[in-house]
1. Residues to consider are Ala66, Ala70; find the one that is within 19 Å of Pro160 (Cβ to Cβ) and in a strand (DSSP E or B).
2. Identify all residues within segment 1-26 that are closer than 20 Å to Ala138 by Cβ and of a type in the set (A, V, I, L, M); write none if there are none.
3. Does segment 274-293 hold any residues that are of a type in the set (Asp, Glu) and at pLDDT 95 or above, and which are they?
4. How about segment 73-106: which of its residues are more than 10 Å from Asp355 (Cα to Cα), in a loop (DSSP other than H, G, I, E, B) and among the aliphatic types (A, V, I, L, M)?
5. Which ones in segment 356-369 are surrounded by fewer than 24 Cβ atoms within 10 Å (Cβ to Cβ) and either assigned to a loop (DSSP other than H, G, I, E, B) or among the hydrophobic types (A, V, I, L, M, F, W, C) (or both)?
6. What number of residues within segment 308-334 satisfy the criterion of being in a helix (DSSP H, G or I) and closer than 27 Å to Gly52 by Cα?
7. Between Ala304, Ala247, which is part of a helix (DSSP H, G or I) and either among the hydrophobic types (A, V, I, L, M, F, W, C) or over 27 Å from Met334 (Cα atoms) (or both)?
8. In segment 123-158, what residues are open to solvent by 40 Å² or more (accessible area, probe 1.4 Å) and among the hydrophobic types (A, V, I, L, M, F, W, C)?
Amino acid sequence: MKSDLFQRLAAWRHHLHAYPEISCQERETAAFVCEKLEEMGIPFIAGIGGHGVVATLTRGVSNRSAGLRADMDALPVLEAPGRVYGSRNQGVMHACGHDGHTVSPLGAAALLLEDTTWSGTVQCIFQPAEEGFGGAQAMLDAGLLERFPCERIFGYHNWPGLEAGVVMVHAGPVMAAAASFNITLRGVAGHAAMPHACADPVQGVAHLIIALNAIVARNVDPQEAAVISTCTLKAGEANNLIAPEAALGGTIRALTPKMMHFLQARVREVAEHTARAHDLTVRVEITGEVAATINHAAEAALAAQAAVDAGLSLRADLKPSMAGEDFGRFLEVMPGAYAWIGNGASAGLHNEAYDYNDEILPVAARYYAAVARAALA
């Protein structure tokens with residue numbers, strides 16, 4: 001990749017990193033993408049499923065088409081100080097590398113514009129609201145596939161701990177299905193010195209946490225991946241008062257739809273039985289479900305070969321992650337593949353010290369361009 005293009009991509013990423021926007025509020029990020037597309041002379045349509053943008057590159061006479069997807073939203077994280085291009089939006093940070101993801105299809109588009117060897121249509125899809133807010137579904141609901149046809153779709157996530165620039169392509173599951181749960185137990189409040197006259201929801205919550213942990217430990221095959229984690233607790237205001245209500249929340253994760261369905265049903269059953277055992281009532285809410293990201297075999301093989309053909313280092317030996325990714329929704333409705341590109345020895349994702357590695361921008365751009373050409377061939 002030409003050094004001047006790499007420098008431009010890095011500068012663009014630094015700008016996005018300095019002005020991050022949380023899910024569903026990516027107005028200025030989308031405007032920046034549109035500005036760069038205009039500068040390159042690439043036609044686009046904005047406002048797809050919120051702040052989504054789709055740019056269309058067409059060359060030759062082929063009717064083949066492929067999609068390259070990037071996510072744009074940031075997280076409500078306070079960034080660690082010391083970075084020249086650190087976040088100027090207090091309490092918001094690109095702690096997952098979506099600034100680099102956003103720039104990657106722009107780099108691929110620049111490469112494809114200079115390449116006369118391909119024929120067909122490449123849709124560059126800039127998705128909002130990936131971080132648990134259903135941006136993929138919103139774009140699909142806005143007619144993404146009808147308005148911007150894609151036979152196949154490809155995406156990637158930077159991956160801390162994997163050697164910088166190495167492309168990892170899984171043959172099947174890549175990232176987990178995920179959903180949030182919130183369980184509220186309600187009892188009878190009263191004086192803490194007279195517990196026999198109350199129905200204590202705090203005791204119920206204490207037993208429920210243990211029971212939820214036992215679902216994976218005792219109901220799931222140890223060789224199958226599943227996670228139930230309790231992450232929040234809310235109860236009471238005074239040390240001498242048994243509260244009327246207590247609540248807990250957390251996440252459910254699995255690599256297959258079947259296991260995800262089982263875990264959700266079991267959480268509901270365990271919560272209801274635990275509440276009954278403590279003379280409590282219960283409300284269970286399971287929300288924000290994200291589909292598992294499961295690569296299609298043919299597209300995974302195509303992506304892996306495209307990486308090799310582009311001269312990139314390839315791996316296929318890493319286990320799937322139990323982290324979630326909204327790209328899975330696209331893979332439910334069309335063939336495609338999702339890769340990881342190593343971010344090197346950086347801080348972990350969603351960490352205040354994390355930063356996307358500028359050195360992998362040329363790799364990501366070359367990977368996207370290579371996959372697009374291979375998908376259209």
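1. Details: Ala66 fails: within 19 Å of Pro160 (Cβ to Cβ).
Answer to the check: Ala70.
2. Here is the first cut: in segment 1-26, the ones closer than 20 Å to Ala138 by Cβ are 20-26.
Of everything in segment 1-26, just one residue is closer than 20 Å to Ala138 by Cβ and of a type in the set (A, V, I, L, M), namely Ile22.
3. First, pick out the residues of segment 274-293 that are of a type in the set (Asp, Glu): 279, 285, 289.
Matches in segment 274-293: Asp279, Glu285.
4. Val77, Leu78, Ala80, Val84, Val92
5. Initial filter on segment 356-369 (surrounded by fewer than 24 Cβ atoms within 10 Å (Cβ to Cβ)): 357-359, 362, 366.
Within segment 356-369, Asn357 is the sole residue that qualifies.
6. Of the residues in segment 308-334, the ones in a helix (DSSP H, G or I) are 308-309, 327-333.
Filter again for closer than 27 Å to Gly52 by Cα, leaving 327-333.
Residues meeting the conditions: 7.
7. On the way: Ala247 fails: part of a helix (DSSP H, G or I).
From the options Ala304, Ala247, the qualifying one is Ala304.
8. Phe133, Leu145
The values are calculated or read from the model by the stated rules, or taken from the named source; none is laboratory data. Treat the numbers as computed from the prediction; the structure is a model and nothing was measured. Ideal geometry is used to build each Cβ from the backbone, glycine not excepted, and the neighbour counts take in all protein chains shown. Ligands, DNA and RNA are stripped out before the accessible areas are found, and what is left, the full protein with its side chains, is counted by its heavy atoms. Shrake-Rupley method; radii C 1.70, N 1.55, O 1.52, S 1.80 Å.
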